[in-house]
Amino acid sequence: MPCFKTDSWQNEIFSMQTHLRKTNSVYICLAKEKHLRTIFYNNTTMSEVAPLISDLAFILIVAGLVTVIFKWLKQPVILGYIVAGILAGPSVPFLPTVSDPANIKTWADIGVIFLLFAMGLDFSFKKLMNVGLTAFTAGITVVCGMTFLGYTAGNAMGFSHMSSIFLGGMLSMSSTAIVFKAFSDMGLLQQRFTGIVLGILVVEELLAVVMMVLLSTLAVSEHFEGNEMFQSVLKLAAFLIFWSVLGIYLIPTLLRKIRQFINNETLLIMSIGLCLGMVMIATQAGFSAALGAFVMGSLLAETIASEKIVQVVQPVKDLFGAIFFVSVGMMVDPVIIWQYAIPILILTLLVLLGQVFFGSFGVLLSGQSLRIAIQSGFSLAQVGEFAFIIASLGVSLKVTDSYLYPVIVAVSVITTFLTPYMIRFSTPVYSFIDAHLPQFLKDSINRYTSGTMMVKHQSTWHKLLKSMLLSIMLYVVLCSFTITLFFTYIHPLIKTHLSGIEGNLLSFVLLSLLIAPFLWAIIMNKNNSTEFHELWEDNLFNRGALVSMILVKIILCIIIVMGVIIHLFNVASGVGLVLSLVLIGIIYFSKWIRKRSLTMEKQFMVNFEGSEEKNVSATSPAAPAFRNSSPFKNLHKAEFTIAPDFKSIGQTIGDTRIRTQFKINILSIKRGDLLLYIPNGNEHLYPYDKITVVGTDEQLAQFQTFLEQKNDQNTASNILIKNIDMEEITLEKDSSLIGKSIRQAGIQGCIIVGIERANGSLINPEPDTIFQEKDILWIVGDRKM
């Protein structure tokens with residue numbers, strides 16, 4: 001069947017229409033025209049779909065085969081994807097390749113979106129609040145130090161100015177996926193330093209998102225403009241604050257209300273829809289699609305369905321993530337890697353030494369011990385997946401040198417491969433340093449870490465000012481974004497239907513109702529706090545300062561309202577001031593606005609604080625020390641999951657003697673949706689229970705070994721499981737069970753699920769139930785038992 005190009009197809013249709021007018025052969029020509037249109041449609045559709053499907057099938061097959069080999073070699077799957085991309089790419093001529101690389105670029109862009117979405121789901125603002133000073137201090141130290149180091153190294157090796165800037169950003173980001181996988185494979189997730197490292201990676205994720213926006217701005221302007229950069233940072237901060245607050249207020253509330261109607265399929269569709277919706281909002285606001293995906297992921301992480309969302313989205317993220325990393329490999333030319341072998345070696349050494357130094361220094365600076373600092377620094381010594389995203393950004397903006405992409409991929413592959421060895425190497429390095437460090441330096445470090453770990457006293461003024469400034473900034477941003485969105489979308493719509501003063505008046509009323517709760521909160525927030533009352537009762541000087549603060553907040557609200565009035569009605573400043581004062585007075589004394597503002601704030605806090613149902617664990621970045629002062633500085637929390645083949649399944653906490661044997665305390669047990677705080681010794685242990693405990697690294701390691709002890713009869717029970725059945729047994733008067741409780745009977749291999757008696761039936765009877773004559777026992781278990 002011939003394939004018609006657009007021009008020839010249109011010419012053929014035109015000639016048929018001419019022939020139609022001459023011959024009046026209506027039906028014949030119409031049939032021919034329809035036939036030609038069908039041929040054109042089928043051919044063009046197949047020409048668009050076929051390469052897309054064949055290319056996708058090809059790269060997934062190659063990726064699947066290579067990753068199986070990497071799994072067998074016990075290497076990270078990400079490395080397998082990159083190698084698969086190199087083999088499937090155009091740079092390896094003796095192997096097949098894709099027919100249209102542009103299609104793979106489209107899939108890769110979608111992959112970036114879902115990668116950032118998944119990172120946002122694991123991020124959550126609650127985790128950011130919990131990572132503590134250590135993670136913030138170390139994360140900022142590492143990013144700033146490595147960015148400067150990478151920029152300097154790029155200039156020294158002759159890279160272009162913009163490539164050096166992007167290189168610094170790439171080298172500053174470690175890999176959350178690689179580090180977590182290494183910790184899991186090496187059984188280190190319960191160690192104290194791993195919680196600190198994962199906290200640092202959370203901070204780095206946030207800084208990476210900010211860095212992407214700054215690099216985009218810098219790349220577009222092609223030179224550093226302090227004012228423009230400052231405006232970009234403010235715009236980014238306002239965007240994050242507005243949509244984060246709005247999302248935390250709306251999304252968890254919505255999911256709670258429709259929870260009973262949601263299954264896995266619906267949750268998946270809604271999650272992806274919200275993700276792509278925020279991507280559209282971010283791109284419309286001038287930011288990257290990746291930023292929108294990350295923001296929506298972090299918002300959904302605050303909902304009650306966060307764990308379920310992670311589960312249902314995981315296959316989608318794995319699919320498109322794999323395509324992204326394969327596309328990374330396809331852009332690598334082995335010839336260029338060989339050509340730039342020396343820069344790759346230099347950058348690899350720079351990452352290993354720089355991350356170790358800045359990571360260790362940052363953790364030590366935050367007040368942690370030298371051992372924890374060195375272990376943390378060595379764990380961060382790799383280039384992560386964010387480096388590929390930043391590299392892709394440079395390529396798409398066409399501001400980086402062509403060789404930079406394969407160079408950074410090669411550095412990432414090498415450092416990722418060395419990650420487990422670097423983590424193992426940290427302990428002997430610490431032992432060597434501890435043995436050769438002068439005593440006066442040891443004493444200085446110990447004094448510093450002990451001093452910084454002590455709880456610092458905050459003055460009442462400092463607490464009040466900090467909380468008040470934060471709330472004012474938050475509500476001002478909400479007001480500003482609400483006003484901006486209103487004048488961008490709603491006001492023009494009103495003007496199309498109602499012009500003149502009537503339209504402006506309606507807009508003013510609607511906008512005033514929208515921002516009134518925020519303005520009331522700006523004026524009144526923290527005025528009734530404990531710190532405010534304490535300072536008010538202290539002395540007259542404090543009262544003058546507190547009144548001045550309230551006046552400043554009122555003036556700020558007047559300025560906001562005056563701007564709206566002048567914009568809508570073009571009145572003089574004096575008139576605007578009077579009208580603003582009147583409106584602020586109405587807002588201040590309105591009970592409805594007060595109630596609405598307090599309700600919104602309460603709902604926001606419920607969504608923000610109530611979503612974190614999981615306990616803090618060592619697998620989470622939010623795993624700080626149990627007490628930040630000696631002698632408790634070595635205690636920290638960790639979470640363990642009871643395996644179904646654990647030998648003490650069904651026993652009570654008291655029976656296992658966990659506290660006396662391992663010197664640890666159980667803080668909570670999470671069993672499905674049930675959360676038990678400070679369980680007593682009579683609480684039983686069941687499969688898949690998540691227990692949060694507190695102890696030292698050594699105690700937790702011993703406890704983990706205890707939990708890994710399996711039931712010796714597990715294999716036999718699996719073999720005989722087909723013989724499990726239900727039996728009905730009647731207790732005659734000579735039965736030895738009569739007068740004994742179920743617990744005293746010591747029945748093994750069977751479970752009593754019910755007892756029939758003359759006066760009624762018992763379903764799932766309690767262990768203290770006493771057997772009686774003529775009881776009919778319904779028993780489930782092995783027929784032989």
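The values are calculated or read from the model by the stated rules, or taken from the named source; none is laboratory data. Every value quoted in this text rests on a predicted model; they were computed, and no experiment measured them. FYI the Cβ positions are ideal-geometry reconstructions off the backbone, even for glycines, and counts take in every protein chain you see. Remember, those area values only see protein heavy atoms, side chains included, never the ligands or the DNA or RNA. Shrake-Rupley method; radii C 1.70, N 1.55, O 1.52, S 1.80 Å.
If a paramagnetic tag sat 7 Å from the Cα of Met186 along the Cα-Cβ line, which residues of the stretch 62-88 would have the backbone N under 15 Å from that point?
Residues 75-76 fall inside that zone.
I'd like the chymotrypsin sites (Phe, Trp or Tyr not before Pro) in the stretch 227-313 restricted to DSSP loop residues with at most 11 other Cβ atoms within 10 Å, sorted by number. Before the final figure, lay out the partial values.
Working: sites: Phe230, Phe239, Phe242, Trp243, Tyr249, Phe261, Phe287, Phe294; in loops: Phe287.
Of the chymotrypsin sites (Phe, Trp or Tyr not before Pro), not one in the loops of the stretch 227-313 has a Cβ with at most 11 other Cβ atoms within 10 Å.
Between Asp538 and Ser471, how high is the FRET efficiency from 1/(1 + (r/R0)^6) when r is the Cβ-Cβ distance and R₀ = 25 Å? Nearest 0.05. Show your work: numbers first, answer last.
On the way: r = 22 Å, r/R0 = 0.88.
Efficiency computed from Cβ-Cβ geometry: 0.70.
Out of the stretch 668-709, which chymotrypsin sites (Phe, Trp or Tyr not before Pro) are coil in DSSP terms and have no more than 11 other C-beta atoms within 10 Å? Mind showing how you got there, number by number?
Details: sites: Tyr677, Tyr688, Phe703, Phe706; in loops: Tyr688.
Filter output for the stretch 668-709: Tyr688.
With every protein chain left in place, what is the accessible area of Cys479 in Å² (1.4 Å probe, nearest 10)?
That residue has around 0 Å² of solvent-accessible surface.
Once you order the gyration tensor axes a ≥ b ≥ c over the Cα atoms, which shape class does the stretch 378-534 get: rounded for a/c under 1.5, otherwise prolate or oblate by comparing a/b with b/c? Mind dumping the intermediate values first?
Numbers: a/c = 5.71, a/b = 1.52, b/c = 3.77.
Judged from the Cα gyration tensor, the stretch 378-534 comes out oblate (a/c at least 1.5, b/c at or above a/b).
How much accessible surface does Ile763 have with a 1.4 Å probe, in Å² rounded to 10?
The accessible area of Ile763 comes to roughly 140 Å².
Could you compute how much accessible surface His533 exposes when probed at 1.4 Å, giving the result in Å² to the nearest 10?
Only protein atoms counted, so the area is about 90 Å².
Give me a comma-separated list of calculated 3J(HN,Hα) values for the stretch 518-526, in order, Karplus coefficients 6.51, -1.76, 1.60 applied at θ = phi - 60°, integers in Hz, x for any Gly or Pro.
Here the 3J(HN,Hα) series is 5, 5, 4, 5, 4, 6, 9, 4, 6 Hz.
Looking at the stretch 71-178, which trypsin sites (Lys or Arg not before Pro) are DSSP coil and have at most 15 other C-beta atoms within 10 Å of their C-beta? Walk me through the numbers on the way to the answer.
Values: sites: Lys71, Lys74, Lys105, Lys126, Lys127; in loops: Lys74.
Listed in order of number, the matching sites are Lys74.
When you count, for each residue, the other Cβ atoms within 10 Å and take the mean per peptide, how do 190-199, 61-70 rank with the highest first? Numbers along the way, then the final one.
Working: 190-199: 26.5, 61-70: 16.9.
The densest-packed peptide leads the list: 190-199, 61-70.
Cβ neighbours within 10 Å, averaged per peptide: list 651-658, 276-283 in order, most packed at the top.
Details: 651-658: 15.1, 276-283: 17.6.
Answer by packing, highest mean first, reads 276-283, 651-658.
What is the distance, in nm, between label points placed 7 Å from the Cα along the Cα-to-Cβ direction at Asn682 and at Leu513?
That separation, rounded to one decimal, is 5.7 nm.
Based on the mean of other Cβ atoms within 10 Å per residue, sort peptides 641-648, 390-397, 433-440 so the most packed one is first. Don't skip to the end; give the middle numbers.
Working: 641-648: 16.6, 390-397: 20.0, 433-440: 9.5.
Going from most to least packed, we get 390-397, 641-648, 433-440.
Just report the Cα centroid separation between the stretch 304-340 and the stretch 478-535, whole Å.
So the two Cα centres are separated by 43 Å.
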